[in-house]
Amino acid sequence: MKKTLLIFITLFAFIEAFSQSLDIEKQRVDSLLKSGTLNVSQTLQLRNNWLAFTANYKYPELPLNITTGETDFTDIMDLNNFNKQIIFQRCLEWSAINYFNILYKDLESGKIIATGLMNLTHSAEYASGFGKKESPTHTSVTYTMILTIKDNKIKFNISNIEYTFSNYSESLDEMTLSFDSLFPIVLKDKMQWKRYITVLNETRDKVFIKLKTSMSDYVKTYENDNKF
């Protein structure tokens, strides 16, 4: 019994040190043991499976709100030498070029609210005969983009992220899930771990980082765009 507890404590400490972003996963597994939902042996097995999985697939480093401790896709971009009106107009142009649906726009408040749609390419596991296989898959994601604009600055925010997964399981061809419902990943069906963790990494890279960089670059080309 002492040996089993020692192994458990060692694994617990390793997961804690592995990555701060894994805390929520570790805590939920730990809560199953404390509540009696899983015994020590079952908890160790789940932890071993999770450790093996995260050794091969990087857990998404998602931006966190320090105050709430929740994921927050918000960033403030500095755009020196560009006034509010120019930034506002360039953001509207960029939104049109990238097929956003503008829901609200107001120069005085410096606010633009729009919805977007994107297809993400990532990995997923599927049942195959008596085993399973991994293959690339495509998932559509919808989201809301909120821009707050001042002289020389844009606050960029992505929220209301929702995924439509195709070929979700043997019994479900399609499943629509919100961003928050994917967590904690470790407590989901093990067959979905790869799908969720890779789509979350793609969300961070393409729906957040790539979009805000693209928008910032478009605003910055204002002067070159008007030299002809």
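Bear in mind that the values in this text are calculations on the coordinates, not laboratory data. Note that the structure is predicted; figures quoted are calculated from it, not measured. Positions of Cβ are generated from backbone atoms using ideal geometry, with glycine treated the same way; all protein chains shown enter the neighbour counts.
Determine the distance separating the Cα centre of the stretch 115-145 from the Cα centre of the stretch 208-228; give it in Å without decimals. If you average the Cα positions of each part, the centres end up 30 Å apart. Once the Cα atoms are used to define both axes, helix 23-35 deviates from the longest principal axis of the chain by about 40 degrees. Each Cα pair under 8 Å and six or more residues apart adds its separation to the average, and for the stretch 66-156 the resulting relative contact order is 35 percent.
Cross-link reach is defined here as a Cα-Cα straight distance under 19 Å, omitting same-chain residues fewer than 8 places apart; for LYS132 the lysines meeting it are LYS188, LYS190, LYS194. Between GLU162 and LYS133, the FRET efficiency from the beta-carbon distance, with R0 = 22 Å, is close to 0.25. Axis of helix 193-202 versus longest Cα principal axis of the chain: the two differ by about 20°, to the nearest ten degrees. Simple point charges give the picture: +1 on the Cβ of Lys and Arg, -1 on the Cβ of Asp and Glu, and for the chain a dipole about the Cα centre of about 540 debye. Here is the list for the stretch 81-184: chymotrypsin sites (Phe, Trp or Tyr not before Pro) lying in DSSP coil, each with at most 12 other C-beta atoms within 10 angstrom of its C-beta, are TYR99, PHE130. Full extension of the chain between TYR126 and SER171 gives 15.0 nm of extra length, using 0.36 nm per residue less the Cα-Cα distance.
Taking trypsin sites (Lys or Arg not before Pro) across the stretch 124-228, the ones in a DSSP loop with at most 11 further Cβ atoms lying within 10 angstrom of their Cβ are LYS227.
Helical runs (DSSP H, four residues minimum) scored at -39500 (n - 2.57) apiece and divided by the length of the chain put the mean residue ellipticity at 222 nm at -11500 deg cm²/dmol. Semi-axes of the equivalent ellipsoid of the chain are 41, 21, 14 Å, computed as sqrt(5λ) over the eigenvalues of the C-alpha gyration tensor in descending order. In plain terms, the chain is cut at each of the GluC sites (Glu not before Pro) found in a DSSP loop with at most 16 other Cβ atoms within 10 Å, and the longest leftover piece is 109-169.
What spacing in nm lies between the two simple spin-label points modelled at LYS155 and LYS210, each 7 Å away from Cα in the Cβ direction? For LYS155 paired with LYS210, the spin-label model returns 2.7 nm.
Taking Cβ atoms as reference points and 13 Å as the exclusive limit, the residues near HIS138 contribute a net charge of 0, counting Lys and Arg as +1 and Asp and Glu as -1.
Using a Förster distance of 22 Å, how high is the FRET efficiency between ASP75 and LYS105, based on the Cβ-Cβ distance and rounded to 0.05? Given R0 = 22 Å and the Cβ-Cβ separation, E is 0.60.
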